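Take a look at the structure set out below.
The values are calculated or read from the model by the stated rules, or taken from the named source; none is laboratory data. No experiment lies behind these values; they were computed from the predicted model shown. Methodologically, a virtual Cβ is constructed for each residue, glycine included, from the backbone with ideal geometry; neighbour enumeration extends over all protein chains shown.
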Amino acid sequence: MKCSKLNIVLLLLAVIFSLAIPSFAAKRKVPFYGRITGSNVNVRARPTKKAKAVYQLNNNNNEVETLLVTDVHHGRDGDWYKIKATVILYTEDISIDSTEGWVFGKYVAYDKPYDGEHD
């Protein structure tokens, strides 16, 4: 069987597209509710590991109550999610705090679609 260069190129393109389709389908549209999958997860001012950490989630003193993902940045080192979080603080008294910033994508898991109730 003879294979022309065009047939080889078409076959390679078909393989590439078949592998890429599942990864595109796995991407979630923002906004959505998520959850933090690690402990001592940094919330950063900008979507880069070099940016200043402005808050730390799921450490010994706090627990995330709600996490709304409002934007996504596709960086060279991976996806970053812009989040708004409501946090319960466990100090001498239990109190509620909130934070906004960027969290590296591997520490955020999809929970459920956004229902429009959190601003």
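What to note about this one:
- Any hit, region 72-81, residues being closer than 15 Å to VAL54 by Cβ and of a type in the set (Val, Ile, Thr): no
- Failed item in (1) surrounded by 12 or more Cβ atoms within 10 Å (Cβ to Cβ); (2) part of a loop (DSSP other than H, G, I, E, B); (3) not aliphatic (A, V, I, L, M), with LYS50 passing the rest: (1)
- Residue match in region 92-106 (condition: under 9 Å from the mean Cα position of the chain (by Cα) and under 11 Å from LEU57 (Cα atoms)): yes
- Checking each residue in region 100-119 for being among the hydroxyl-bearing types (Ser, Thr, Tyr) and either at pLDDT 95 or above or exposed (fewer than 14 other Cβ atoms within 10 Å of the Cβ) (or both) picks out TYR107, TYR110.
- If the condition is being assigned to a loop (DSSP other than H, G, I, E, B) and either among the hydroxyl-bearing types (Ser, Thr, Tyr) or farther than 16 Å from VAL64 by Cβ (or both), then region 32-46 contributes THR37, SER39, ALA45, ARG46.
- ASN42 being at pLDDT below 95, of a type outside the set (Ser, Thr, Tyr) and surrounded by 15 or more Cβ atoms within 10 Å (Cβ to Cβ): no
- Sole residue being surrounded by fewer than 14 Cβ atoms within 10 Å (Cβ to Cβ) and touching a strand residue (DSSP E or B) at 6+ places or on another chain (Cβ under 8 Å), chosen from ASP93, ASP79, ASP71: ASP71
- ASN59 being modelled with pLDDT under 90, touching a strand residue (DSSP E or B) at 6+ places or on another chain (Cβ under 9 Å) and either surrounded by 12 or more Cβ atoms within 10 Å (Cβ to Cβ) or not in a strand (DSSP E or B) (or both): yes
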